[in-house]
Amino acid sequence: MPWLFTLILAVHVGAGITALTSFWGCIATRKGGPAHRRWGMVFTGAIYAAGFMALGMGVLSLRWPLAMHPGLTDEALYRGLFGWMMLYLALLTMSMTRYGLKMVANKRDHAANRHWSMVALQIAVLAAAVNCAAHGVVLHQPLMIGVSVIGFGTTLTYLWYMFRRSPGRTDYIPEHLKAMVATGIAAYTAFLSVGLVEMFPQHAFNPAIWALPTLGGMAIIVHFLRKVRGVTSPSPALRQVLQTNPAPASDAGVRRR
């Protein structure tokens, strides 16, 4: 079976590199514009591909942890890291991607955000986060406990927004922004927390390293939320949305010059 793991890993790495690089194309292009949407399609497609491959690697690592990772000796540890944590991170990244996309797709129909598949996916991520944290406690791995916190935060805030009765007409914009940037955070966290085990084992469990994506991603989120709230002019696409669907200033969250 190692040959199957190697094949899946190759696809995962290729998709991961595409996602990690196209993420910056989404960040650099004007939000709502054609280039942003094109980069977004590349990014989300790569995330889904990498996520499905990660699910496959996680299942194989749970069943044959040492056979899938020659040279490793601690079966319980690497079943936790490459199995349970891999499955959790895969579900998390795909969940955040789907949520971010649905915020835009359902911007005129908030009730559609409560579709059973959306709710079930959030519950699955929450269960995976609990499982990852529990195995982290048993294995004495703060890394597993730390990354599980992201899942707790995202699922609870996503469910809260999904079940809001009447969000503002443009509230979907920051929700989309936060979810897609968080997807990038999860992708980079997965690379650092799991990839470093293979490439630089001596640094694999350094919290300062795997915390970097979260810090960087939070800075990006704060920056663009300030722009959305009117620090800079909104994009033409966003301006058109606001002009077509006027809302009170308290709901819009965006001030036009």
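Could you say whether any residue in region 131-150 is among the polar types (S, T, N, Q) and touching a Ser or Thr at 6+ places or on another chain (Cβ under 6 Å)? Checked region 131-150: no residue is among the polar types (S, T, N, Q) and touching a Ser or Thr at 6+ places or on another chain (Cβ under 6 Å).
Applying the selection to region 101-110, what residues are touching a residue at least 40 places away in the same chain (Cβ under 8 Å) and surrounded by fewer than 24 Cβ atoms within 10 Å (Cβ to Cβ)? I'd like the intermediate steps shown before the answer.
Step one: filter region 101-110 for residues touching a residue at least 40 places away in the same chain (Cβ under 8 Å), giving 101, 103-104, 106-107, 110.
Matches in region 101-110: L101, V104, N106, K107, H110.
If we only count helices (runs of 4 or more DSSP H) wholly inside region 73-157, which ones have 2 or more residues that are under 18 Å from the mean Cα position of the chain (by Cα)? Show your work before the answer.
Working: elements: 75-79, 85-105, 116-139.
Passing ranges, in order: 85-105, 116-139.
Going by what's in this entry, would G56 be described as under 22 Å from T214 (Cβ atoms) and without any contact (Cβ under 8 Å) to a residue 60 or more places away in the chain? When the stated conditions are applied, G56 does not pass them.
Any idea how many residues of region 123-160 are polar (S, T, N, Q) and buried (at least 21 other Cβ atoms within 10 Å of the Cβ)? Of the residues in region 123-160, 3 are polar (S, T, N, Q) and buried (at least 21 other Cβ atoms within 10 Å of the Cβ).
FYI, it's all coordinate maths here, none of it is from the lab. The structure presented is a predicted model; accordingly, all values stated were derived computationally and were not measured. Here Cβ is always computed from backbone atoms with ideal geometry, including for glycine, and neighbour counts include all displayed protein chains.
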